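The values are calculated or read from the model by the stated rules, or taken from the named source; none is laboratory data. All figures in this text were calculated on a predicted structure; none of them were measured in a lab. Note that each Cβ is placed from the backbone with ideal geometry, even for glycine, and that neighbours are counted across all protein chains shown. Accessible surface is based on the protein model in full, side chains and every heavy atom, while ligands, DNA and RNA are left aside. Shrake-Rupley method; radii C 1.70, N 1.55, O 1.52, S 1.80 Å.
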Amino acid sequence: LTGVLDDCLCDIESIDDFNTFKIFPKIQKLQERDYFRYYKVNLKRPCPFWADDGHCSIKDCHVEPCPESKIPVGIKAGSSNKYSKAANNSKELEDCEQANKLGAVNSTLSNQSKEAFIDWARYDDSQDHFCELDDERSPDAQYVDLLLNPERYTGYKGPSAWRVWNSIYEENCFKPRSVYRPLNPLAPSRGGDDGESFYTWLEGLCLEKRVFYKLISGLHASINLHLCANYLLEGNLSLDKIAEWNSTISMFVKNLYFLYLIELRALSKVAPYFERSVVDLYTGNGHEDAESKALLLDIFRDTKSFHMHFDEKSMFAGDKKGAKSLKEEFRLHFKNISRIMDCVGCDKCRLWGKLQTQGLGTALKILFSEKEIQSLPENSPSKGFQLTRQEIVALVNAFGRLSTSIRELQNFKVLLQQTR
């Protein structure tokens with residue numbers, strides 16, 4: 001793939017170079033840090049849309065939760081030294097436990113700041129969320145070490161897996177009534193339409209609805225790339241078959257690049273939130289915490305230096321009433337997709353599906369909270385915009401997955417050239 005992407009002024013070659021030489025090595029290191037490797041998730045939530053058709057019994061579908069003793073002391077919910085070793089009386093301990101969602105706070109906060117965090121932790125910002133977050137206080141929520149439970153092909157397939165993707169595309173993506181072909185690009189085509197003609201209907205949609213589809217398609221492409229990169233097919237896939245799929249695959253992969261741009265833009269926009277001294281990636285290990293924040297800020301500087309960002313201001317920019325209604329419809333559709341992740345029958349697939357969906361939802365929350373981020377106070381918490389540790393971990397790891405996908409594409413190009 002080469003050339004400029006649709007709906008933006010960025011070319012694929014620039015993304016490849018930027019990711020390979022600037023982002024990929026650093027984001028890999030950041031994901032290995034304790035703050036970002038432990039993700040708290042509830043894998044036992046029931047599917048809200050259809051009767052549970054059973055969990056995958058394949059051993060590779062299993063997720064091994066992390067024992068409480070292995071979790072860094074600063075990450076544990078309700079830890080007595082969550083913020084400061086000085087927090088040793090019962091009132092402060094109780095306050096710290098109530099503020100367990102705010103895992104990105106400085107360990108040297110004053111009592112007044114702590115109380116502000118606790119008070120604002122109760123603030124209902126559900127209107128800003130594009131995802132349904134797991135309740136970290138649920139007894140079914142467990143910490144998972146992402147490095148010990150990597151995303152890979154598990155053997156989970158068939159009607160259960162197909163039902164999840166079909167529901168995402170057909171019931172949540174926007175499409176004209178005149179389009180009868182399934183939106184899932186991997187679904188069998190009706191008639192002789194190739195990949196290019198399949199996507200011509202997108203041109204008739206408004207920008208926001210086109211973006212929505214591209215985000216979902218890009219996420220689908222990225223996940224499939226991860227699974228292919230970590231799975232050896234039995235037998236050989238002929239080049240003739242690849243050529244037959246080429247037009248559909250090309251559009252599929254273009255949407256991956258588009259999704260990368262969206263999350264890259266979000267990282268550049270959220271930088272001021274983390275640049276404040278009041279925000280600390282707290283695990284209890286002061287030296288590692290300082291190094292983690294320095295590396296994160298270094299990545300933010302790189303994202304800001306990229307000169308071909310997607311312009312999110314072009315979205316929801318029409319009539320105020322209509323734009324507000326469309327934005328809410330956009331948000332609810334994506335939130336619904338985050339709920340579908342609880343219908344995935346394979347625990348490992350569910351884990352990474354929830355994380356990547358939540359990461360994208362956090363990116364969207366950031367993109368449409370620019371004013372709130374710009375008005376953040378330097379030395380105190382903000383009620384208007386905040387991120388939980390769960391959102392921060394999902395944001396970084398989801399972008400790390402996209403960065404890996406772009407890198408894997410380079411490897412596939414080399415392998416394809418070698419087979420010709």
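Couple of notes before you dig in:
- Near the amide H of Leu43, within less than 5 Å, lie the amide hydrogens of Gln142, all on another chain or at least 5 residues away, with H placed in the peptide plane.
- In sequence order, region 22-34 has phi-based couplings of 10, 7, 4, x, 6, 5, 5, 5, 5, 5, 7, 5, 4 Hz under the Karplus curve 6.51 cos²θ - 1.76 cosθ + 1.60, θ = phi - 60°, and Gly or Pro positions carry x.
- Hz values of 3J(HN,Hα) by residue in region 391-396 - Karplus curve (6.51, -1.76, 1.60), Gly and Pro given as x: 5, 5, 4, 5, 4, 5
- For Thr200, the accessible surface of its heavy atoms amounts to roughly 80 Å² (probe 1.4 Å, protein chains only, rounded to the nearest 10).
- Remark: region 306-317, residue by residue, has Karplus-estimated 3J(HN,Hα) of 5, 9, 10, 5, 5, 9, 5, 5, 6, 9, 6, 10 Hz, where x stands for each Gly or Pro and the curve is 6.51 cos²θ - 1.76 cosθ + 1.60 at θ = phi - 60°.
- The residue among Ser167, Ser178, Thr154 whose Cα reaches farthest toward the positive pole of the charge dipole of region 132-180, with charges on the beta-carbon of Lys, Arg, Asp and Glu, is Ser178.
- The residues packed around Ile366, meaning those with a beta-carbon under 9 Å from its beta-carbon, carry a net charge of +2 if Lys and Arg are +1 and Asp and Glu are -1.
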